[in-house]
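Asks: Structure provided below as structure tokens; questions to follow.
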Amino acid sequence: MFDVMSFIAELEKECSDFKRNLSQLEAEEQMEIIKLACSHVYPEESIVERLPQAKQNKKPLTVKFGIDPMKTNVMMDRMPPIVLLSKLQRMGYKVVFLIGDFTALIGDPSDITINQKKLNRKKIEANVKTLKKDLSQFIELGKTDTIFNSAWLNELKLPDLVEIAKEIDIAHTLNREDFKNKLDKKESISYAELMYPLIMGIDSLQMGPDMELGREDQLDNLYMCRRMMEAKGMESEAFMTTYALPKGDIFSISQDPLIIYEKIAKLEEQHVLMWYKLLTEITPSTASTLEKGIKDGLVNIQTAKEVLAKIIVSKLHGKEKSELAYIEYIKNFVKTAPTKEIRMISGSIMSIGEFIAASTEFTLTEAESIIMSGGARALSCDGGCLTYILDSNADISTIYFDKFYIIMGDKLVLRIKK
């Protein structure tokens, strides 16, 4: 029989282990973890083949990750690559941050969220400092290298640039979806924007990375890096792109913990598993169990959301603040949810499931299903104690509060007075 509360406890423990050592896993096992978060891994066989050799030679594979320091307010949709970088680092890869101080003057045309504007050197340095502070919550910066692409791009001679450009067909660039959309709408495209993928490729020529990690919307840029390395006779980099978080579910990583709980509680059901895969330490086997549990009604979706929020808030703000914010979130939910007042008759004998069915429009089967899937909780009216209701067959009197709420998933609250 599926023990939902044991599973929930293990789920939270596993997904919160952001320091787990992944270096001892076989290459195929590491790849399965990587693929949880990635829409593209290309060429996959190249990575699997090179990793054991790198371990044997004690020369870790290098991962290039580019950052354009346009702004410092890190939003959650920017975090999937960072979370994956942390895993790659713990797998034994060497992470190299490429700070696009030169390309910050252009802006990535694939990134529609960036307001194109020029940055001076002082502002770039300040942005980099802030970004590193935020990223240090996830990445061991002491084990990373940081490179600025102005180091070679400021020295690039026009003849050298023309020589490189002659080897690249522009047709592929013009057929990119972002550029095609601009052309269809008769919007202007600057030569600087056309050059951005080329400059990313020049970065790869200079760095010679084994792999590059980016977001899904950077796929065309990463193909360009491979083509340019191939054109120069180099061993071309493999690349990975992480899935994108659904629009509308985004907030800043510095957001107030209570607001994070409220936003995650409102995630659409079909997005919850993706958040676990992109932003937590969930393993492939646990992800499969969670997916099946939600689909079969064995794991209450609202409980899965709340556990997800606990994991994320604890990582961003610490466990103590997360626990306080969770209680506040539940108390606020109780204030706004439909509530029914019930007075228990002294000495009455009735199971919790029967009591809920008799007091609401839930059938006994529905009430038992919510309880068995971990979706029912009891909150003392003073807000000081919150506990899951684990056994629908237990007598209602076993809930020891004199005045308490019973919360049924995200649908109904009962206010009980003995």
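Read-outs throughout are calculated quantities, based only on the coordinates presented, and are distinct from any laboratory measurement. For clarity, every value in this text was computed on a predicted model and none was experimentally measured. For neighbour counting, all protein chains shown are included, and Cβ atoms are generated from backbone atoms with ideal geometry for every residue, glycine included.
Asks: Please give the length that would be gained between residue 53 and residue 125 if that part of the chain were fully extended, namely 0.36 nm times their separation in residues minus their C-alpha to C-alpha distance (nm, one decimal). Walk me through the intermediate numbers first.
Replies: On the way: separation 72, 0.36 × 72 = 25.92 nm, distance 3.74 nm.
Answer, rounded to one decimal: 22.2 nm.
Asks: Additional query: Where does helix 319-336 land angle-wise versus the long Cα axis of the chain, in degrees 0 to 90, nearest 10?
Replies: Helix 319-336 and the main axis of the chain meet at about 60 degrees.
Asks: With runs of 4+ DSSP H residues as the only contributors, calculate the mean residue ellipticity of the chain at 222 nm using -39,500 (n - 2.57) per run, divided by the residue total and rounded to the nearest 500.
Replies: Roughly -15000 deg cm²/dmol at 222 nm, from the helical runs in the chain.
Asks: Helix 269-279 sits at what angle to the longest principal axis of the chain, using alpha carbons and giving 0 to 90 degrees rounded to 10?
Replies: Approximately 50 degrees, to the nearest 10.
Asks: Positive end of the charge dipole of the range 338-418 (Lys, Arg +1 and Asp, Glu -1 on Cβ, about the Cα centre): tell me which of 385, 397, 351 has its Cα farthest that way.
Replies: Result: 385, furthest along the dipole toward the positive end.
Asks: Highest first, please rank the peptides 29-41, 381-393, 200-212 by the mean number of other Cβ atoms sitting within 10 Å of their residues.
Replies: 200-212, 29-41, 381-393
Asks: Additional query: Let me know the charge dipole size of the chain about its Cα centre in debye, to the nearest 20, where only the beta-carbon of Lys, Arg (+1) and Asp, Glu (-1) is charged.
Replies: So the magnitude is around 1360 debye.
Asks: Another one. Take the residue pairs 321/418; 19/277; 133/315; 35/133; 19/132; 55/310 and return only those whose Cα atoms are more than 24 Å apart. Kindly include the intermediate steps, with their values, before the conclusion.
Replies: Details: 321/418 32 Å; 19/277 16 Å; 133/315 14 Å; 35/133 28 Å; 19/132 18 Å; 55/310 36 Å.
Flagged as over cut-off: 321/418; 35/133; 55/310.
Asks: Just order 160-166, 176-182 by mean Cβ neighbour count inside 10 Å, highest at the front, would you?
Replies: The most tightly packed comes first, giving 176-182, 160-166.
Asks: If you take every DSSP beta bridge fully contained in the chain, what fraction is antiparallel? Give it as a percent rounded to 5.
Replies: Values: 20 of 42 bridges.
Of all bridge pairs located within the chain, approximately 50 percent are antiparallel.
Asks: Could you point to the residue in 339, 406, 363 farthest towards the positive end of the range 338-418's charge dipole, with +1 and -1 charges on the Cβ of Lys/Arg and Asp/Glu respectively?
Replies: About the Cα centre, the residue reaching furthest to the positive side is 339.
Asks: So which of 87/182; 122/166; 71/186 end up more than 30 Å apart, counting from Cα to Cα?
Replies: 87/182; 122/166
Asks: Can you give the Rg/Rh ratio of the chain, where Rg is from the C-alpha atoms and Rh is the Kirkwood radius?
Replies: Here the Rg-to-Rh quotient is 1.07.
Asks: Please identify the GluC sites (Glu not before Pro) of the range 315-418 that satisfy two criteria: DSSP loop assignment and at most 11 other Cβ atoms within 10 Å. Which are they?
Replies: Counting only loop positions with at most 11 other Cβ atoms within 10 Å, the GluC sites (Glu not before Pro) in the range 315-418 are 361.
Asks: Would you list which lysines come within 19 Å of residue 335, measuring only between C-alpha atoms, while excluding same-chain residues fewer than 8 positions from it?
Replies: Leaving aside lysines fewer than 8 places away in the same chain, those within reach of residue 335 are 263, 266, 403, 411, 417.
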